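The values are calculated or read from the model by the stated rules, or taken from the named source; none is laboratory data. For clarity, every value in this text was computed on a predicted model and none was experimentally measured. Methodologically, a virtual Cβ is constructed for each residue, glycine included, from the backbone with ideal geometry; neighbour enumeration extends over all protein chains shown. Accessible surface is based on the protein model in full, side chains and every heavy atom, while ligands, DNA and RNA are left aside. Shrake-Rupley method; radii C 1.70, N 1.55, O 1.52, S 1.80 Å.
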Amino acid sequence: MVQHRPRIVVVGAGIIGSAITYNLAIQGANVLLLDRGPTAGSGVTGRAFGWINVINGTPCDQSYALWREAVAEYRGLQIALPTAFACARCGSLLWKSTTEETEAFADLHRQAGERVELVSRQALQGLEPGLRRAPELAVFSPDDLALDPGQLARDLVAAAVAAGGSTLFGAAADTIETVNGRVSGVKVGHETIPADIVVMSAGSGIQELADRIGIQTGLTTSPALLLRYTCNRTVVNHILRGPRLEIRQAIDGSLLVAKSYVANGEENGPKLVGETLLNVMHDELDLPEQVELQSAEIGERPIFLDGLPRTGFLPEVENLYLAVGHPGVILAPLIGRMTAQAIMKIRSKSAALTSY
């Protein structure tokens, strides 16, 4: 019996592309992961805060159920790849401007079925002794995860390669090539890599690829700022999010701060924002004096106007699959599994037609 194994090329080794490659590889697919960067997770994924949660979603929104399903998918991934989560930390603490707002926030998520609890100032100070301005009341979300998205992408790719997948880094996809309205390959420089199926998972770079073959995806971007500060001792134990600050501490001691970003002149440059927030951090936390801004990086998050991700084969070109959306780090394991399932169905049909 001879079976045709479709060559699948995944373009983009961010967290979503890495998760797709992993899910395809463990199912025995002939998959190649392609990226212009030096390694997996070196683009926008490496500038993500790394908060796996539902608590930041809004119950009754269309995306909320999707977030819940995606977070549940992480539990299965932790079982499959335990070493990838060895440095992950659990739990987040959130509070609003007033006690009443914090109570309402907790009630909203509790009624939606989430495991949250209210903690008093005394209990909060026990959990986070480095807080200088602990609120009267906070919401504890114990099931949240804090992790390094870039490292998770690399761990997924390593597992994919171990399962038989392959990678090509430092190689930018110039265009998707087609024959008679069907995918035929990916052009990289002067070379064309043959492909039966191509997955576009290159985040904000997807529209550039799509434009070259006349496809409008509706994808836009939203900038976010990730600030990294050096720190030589433990300051925070969980993810903290209050009205003035969203912060967590990485396993190497670095303090990571996430902030939405709007570029409106030099006075709002990333480094100046980072220096301003350092003053806020000193006000809110018991910081060592030598804490310094190490980096200030902008990540262009790929989004659609309705806030939902897009996954599926595109009607304009046969066997061209789109997989993109925000929040990519939260959605990646779910999108990875769903994409692999859809592609493996195509593979099964192809094998049935070409076996003899």
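Quick grid of which residues meet (1) within 17 Å of F49 (Cα to Cα); (2) out of contact with any strand residue (DSSP E or B) (no Cβ under 9 Å at 6 or more places or on another chain):
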position: W95; (1), (2): no, no
position: E103; (1), (2): no, no
position: D107; (1), (2): no, yes
position: V116; (1), (2): no, no
position: G150; (1), (2): yes, yes
Completion exercise
Out of (1) within 19 Å of the chain's Cα centre (by Cα); (2) of a type outside the set (V, I, T); (3) farther than 29 Å from G312 by Cβ; (4) not in a strand (DSSP E or B), the one L108 does not meet is (1)
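Counting just the residues of segment 64-79 that are among the aliphatic types (A, V, I, L, M) and open to solvent by 60 Å² or more (accessible area, probe 1.4 Å), which one comes out nearest to N23 (Cα to Cα)?
Checked segment 64-79; the qualifying residue nearest to N23 (Cα to Cα) is I79.
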Practice task
May I ask you to list the residues in segment 51-63 that are over 18 Å from P149 (Cβ atoms), open to solvent by 40 Å² or more (accessible area, probe 1.4 Å) and part of a loop (DSSP other than H, G, I, E, B)?
Solution key: T58, C60, D61
Practice task
Using the structure shown, decide if G150 is buried (at least 19 other Cβ atoms within 10 Å of the Cβ), at pLDDT 95 or above and part of a helix (DSSP H, G or I).
Solution key: yes
Practice task
Please verify whether segment 210-228 includes one or more residues that are more than 30 Å from G130 (Cβ to Cβ), crowded, with 19+ Cβ neighbours inside 10 Å and out of contact with any helix residue (DSSP H, G or I) (no Cβ under 9 Å at 6 or more places or on another chain).
Solution key: yes
Exercise for the section: Could you identify the single residue in G57, G28, G46 that is touching a residue at least 60 places away in the same chain (Cβ under 8 Å) and within 30 Å of V257 (Cβ to Cβ)? Expected result: G46
Exercise for the section: Being in a strand (DSSP E or B) and among the charged types (D, E, K, R) is the filter; apply it to segment 309-337 and report the residue that is farthest from P129 (Cα to Cα). Expected result: E318
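Could you check, for segment 80-97, whether at least one of its residues is open to solvent by 60 Å² or more (accessible area, probe 1.4 Å), in contact (Cβ under 8 Å) with a residue 24 or more places away in the chain and farther than 20 Å from D252 by Cα? Steps first, answer last, please.
Step one: of segment 80-97, the residues open to solvent by 60 Å² or more (accessible area, probe 1.4 Å) are 82-83, 86-87, 89-90, 96-97.
In the following step, the residues that additionally are in contact (Cβ under 8 Å) with a residue 24 or more places away in the chain were identified as 83, 87, 89-90, 96-97.
From what is left, the residues that are farther than 20 Å from D252 by Cα are 96-97.
Yes: one or more hits.
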Practice task
Exactly one condition in (1) over 26 Å from the mean Cα position of the chain (by Cα); (2) open to solvent by 10 Å² or more (accessible area, probe 1.4 Å) is not met by L124; state its number.
Solution key: (2)
Handout entry: Test result for G41, within 27 Å of I247 (Cα to Cα), open to solvent by less than 50 Å² (accessible area, probe 1.4 Å), touching a Gly at 6+ places or on another chain (Cβ under 7 Å) and part of a loop (DSSP other than H, G, I, E, B)
Key = yes
Practice task
Only residues in segment 183-210 that are touching a residue at least 24 places away in the same chain (Cβ under 8 Å) and of a type in the set (D, E) count as the first member; pair them with residues that are open to solvent by less than 30 Å² (accessible area, probe 1.4 Å) and outside any helix (DSSP H, G or I), Cβ under 6 angstrom, at least 6 apart or cross-chain, and list the lot.
Solution key: D196/P6
Exercise for the section: Return only the number of the condition from (1) open to solvent by less than 50 Å² (accessible area, probe 1.4 Å); (2) of a type in the set (S, T, Y); (3) touching a helix residue (DSSP H, G or I) at 6+ places or on another chain (Cβ under 8 Å) that S254 does not satisfy. Expected result: (3)
Practice task
Kindly list the number of the only condition in (1) open to solvent by 20 Å² or more (accessible area, probe 1.4 Å); (2) touching a Gly at 6+ places or on another chain (Cβ under 7 Å); (3) assigned to a strand (DSSP E or B); (4) of a type outside the set (A, V, I, L, M) that fails for D143.
Solution key: (2)
Fill in the blank from the handout: Within segment 263-308, the count of residues that are part of a loop (DSSP other than H, G, I, E, B), touching a residue at least 60 places away in the same chain (Cβ under 8 Å), open to solvent by 20 Å² or more (accessible area, probe 1.4 Å) and within 30 Å of Y64 (Cα to Cα) comes to 4
Practice task
Could you tell me whether any residue of segment 181-195 is assigned to a strand (DSSP E or B), surrounded by 21 or more Cβ atoms within 10 Å (Cβ to Cβ) and either of a type in the set (A, V, I, L, M, F, W, C) or out of contact with any Gly (no Cβ under 6 Å at 6 or more places or on another chain) (or both)?
Solution key: yes
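Modelled with pLDDT of 95 or more and crowded, with 22+ Cβ neighbours inside 10 Å, is that true of L168?
Details: modelled with pLDDT of 95 or more: yes; crowded, with 22+ Cβ neighbours inside 10 Å: no.
For L168, the condition - modelled with pLDDT of 95 or more and crowded, with 22+ Cβ neighbours inside 10 Å - is not met.
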